Amino acid sequence: MFIYGKNVINEVLKNERHIKEAILYKKFSDNAVIDKLNKKQVPIKYVEKHELDRLVEGNHQGIVFKVDDYKYVDIESLLVKENPLLVILDHLEDPHNFGAIIRTCEALGVSAIIIPNDRSVNINATVVKTSAGAINNIKIIRVPNLSVAINKLKSKNYWIVGTTMDGSDYTTIDYNMKTCLIIGNEGKGMSDTIKKNCDYIVTIPMIGKINSLNASVSCAILVAHIQNNKKN
């Protein structure tokens with residue numbers, strides 16, 4: 001997998017993640033980065049700008065890393081905190097949404113994000129770039145079946161909170177419990193099967209003329225409220 005972006009690169013250089021190769025624009029002049037690469041004994045390849053453009057989409061700023069594919073965490077190895085918050089993404093498709101949600105969840109202390117194996121965006125260069133490096137500091141779990149995963153969480157005393165356009169006001173629930181928040185697909189929302197597995201269905205009331213929010217924005221509002229509720 002290729003990754004790029006200043007914040008992402010700096011995060012990778014700070015942690016122990018293996019870098020297979022650093023591919024730099026031949027006029028790349030950030031000596032601090034080059035020194036770190038040399039200390040880590042990372043192979044460096046200098047190329048023309050158009051060669052970097054072919055590797056990734058977006059502003060690579062003259063540097064691209066080749067790294068191992070992201071290693072997902074197994075749900076069985078999830079560390080159980082006293083009062084955790086998990087986020088499930090029900091077949092999210094937009095990598096920018098996924099990256100933004102990762103960044104929000106990491107910043108606000110979400111324990112892990114769970115995604116399905118199929119019909120869902122996976123971790124790629126765009127997701128990593130949009131997360132601004134946050135992906136290196138949060139657990140992401142990929143499961144064969146979301147319903148099975150939800151039932152497993154219920155057996156561990158998690159309460160499942162789904163999101164729709166016509167649920168209860170999200171502020172009326174006491175989240176001081178082991179909580180799993182579900183964010184639905186950008187266009188279709190939560191699937192009927194997942195909805196049936198929810199203990200609560202919530203919505204963010206709209207008072208403006210726009211009657212819906214981007215999935216990552218909705219997630220940010222809900223996660224911030226839930227975490228604040230847990231602290232109180």
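The values are calculated or read from the model by the stated rules, or taken from the named source; none is laboratory data. All figures in this text were calculated on a predicted structure; none of them were measured in a lab. Glycine gets a Cβ as well: all are built from the backbone with ideal geometry, and neighbour counts include every protein chain shown. Just so you know, the surface numbers come from the protein's heavy atoms only, side chains and all, with ligands and any DNA or RNA stripped out. Shrake-Rupley method; radii C 1.70, N 1.55, O 1.52, S 1.80 Å.
In the set (1) touching a Phe, Trp or Tyr at 6+ places or on another chain (Cβ under 9 Å); (2) crowded, with 17+ Cβ neighbours inside 10 Å, the condition left unmet by Gln61 is number (2). A count restricted to region 135-192 and to residues that are over 20 Å from the mean Cα position of the chain (by Cα) and of a type in the set (A, V, I, L, M, F, W, C) stands at 5.
Scanning region 105-162 for residues that are in contact with a helix residue (DSSP H, G or I) (Cβ under 7 Å, 6 or more places away or on another chain), of a type in the set (S, T, N, Q) and modelled with pLDDT under 90 yields Asn124, Thr126, Thr130, Ser131, Asn136, Asn137. Scan region 102-122 and give yes if some residue there is in contact with a Ser or Thr (Cβ under 6 Å, 6 or more places away or on another chain) and surrounded by 13 or more Cβ atoms within 10 Å (Cβ to Cβ), otherwise no. Among the residues of region 102-122, at least one is in contact with a Ser or Thr (Cβ under 6 Å, 6 or more places away or on another chain) and surrounded by 13 or more Cβ atoms within 10 Å (Cβ to Cβ), which makes the answer yes.
The one condition from (1) open to solvent by 10 Å² or more (accessible area, probe 1.4 Å); (2) under 23 Å from Ile226 (Cβ atoms); (3) at pLDDT 85 or above that Glu93 does not meet is (2). Of the residues examined, Asn137 is not one that is touching a Lys or Arg at 6+ places or on another chain (Cβ under 9 Å) and open to solvent by 70 Å² or more (accessible area, probe 1.4 Å).
Let's see how each residue does on (1) touching an Asp or Glu at 6+ places or on another chain (Cβ under 8 Å); (2) farther than 29 Å from Thr203 by Cα; (3) free of Cβ contacts under 8 Å to residues at least 24 places away in the same chain:
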{"residue": "Phe65", "(1), (2), (3)": "yes, yes, no"}
{"residue": "Glu76", "(1), (2), (3)": "no, yes, yes"}
{"residue": "Ser120", "(1), (2), (3)": "yes, no, no"}
{"residue": "Ile135", "(1), (2), (3)": "yes, no, no"}
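Does any residue of region 71-88 turn out to be open to solvent by 30 Å² or more (accessible area, probe 1.4 Å), of a type in the set (Phe, Trp, Tyr) and under 30 Å from Asn228 (Cα atoms)? Checking region 71-88: at least one residue is open to solvent by 30 Å² or more (accessible area, probe 1.4 Å), of a type in the set (Phe, Trp, Tyr) and under 30 Å from Asn228 (Cα atoms).
Residues checked against (1) within 19 Å of Asp69 (Cα to Cα); (2) touching a Lys or Arg at 6+ places or on another chain (Cβ under 6 Å):
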| residue | (1), (2) |
| --- | --- |
| Arg17 | yes, no |
| Lys20 | yes, yes |
| Leu24 | no, no |
| Ser29 | no, no |
| Ile34 | no, no |
| Leu37 | no, no |
| Lys45 | no, no |
| Glu48 | no, no |
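Considering Glu21, Glu11, the condition of being closer than 15 Å to Ile135 by Cα, open to solvent by less than 70 Å² (accessible area, probe 1.4 Å) and of a type outside the set (Phe, Trp, Tyr) is satisfied by Glu11 alone.
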